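The values are calculated or read from the model by the stated rules, or taken from the named source; none is laboratory data. Treat the numbers as computed from the prediction; the structure is a model and nothing was measured. Heads up, the Cβs are rebuilt from the backbone with ideal geometry, glycines too, and the neighbour counts pull from every protein chain shown.
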């Protein structure tokens with residue numbers, strides 16, 4: 001099966017670590033491109049390329065103020081990913097419960113009955 005183009009698929013867009021880092025930066029609020037360039041320690045054209053991909057899939061929105069362009073997170077576009085990931089939450093909860101049970105059993109010792 002062919003992989004979806006990065007610019008049309010949210011999951012492929014966020015698979016790139018730099019784009020996830022940009023989303024992390026924007027989670028704190030709207031930022032001008034220059035701030036993102038400084039925070040990412042990447043060249044401005046590279047950050048702009050990543051922002052363009054994120055905008056094309058709808059994860060970020062922009063506004064202009066004079067010559068500056070500000071980017072903000074579009075949280076609603078992330079909701080489907082969040083909903084999908086949370087379907088696996090009970091798996092991780094079960095794993096954590098098992099770890100807790102083992103730790104408690106080890107702490108009690110082999111001769112102590114469980115509650």
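Data overview
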item: Residue satisfying all of: in the stretch 75-96; surrounded by 13 or more Cβ atoms within 10 Å (Cβ to Cβ) and farther than 14 Å from residue 19 by Cα; modelled with the lowest pLDDT among these; result: 81
item: Count of the stretch 20-34 residues which are in contact (Cβ under 8 Å) with a residue 12 or more places away in the chain and part of a loop (DSSP other than H, G, I, E, B); result: 3
item: Residue match in the stretch 52-62 (condition: in contact (Cβ under 8 Å) with a residue 24 or more places away in the chain, touching a strand residue (DSSP E or B) at 6+ places or on another chain (Cβ under 9 Å), in a helix (DSSP H, G or I) and closer than 27 Å to residue 18 by Cα); result: yes
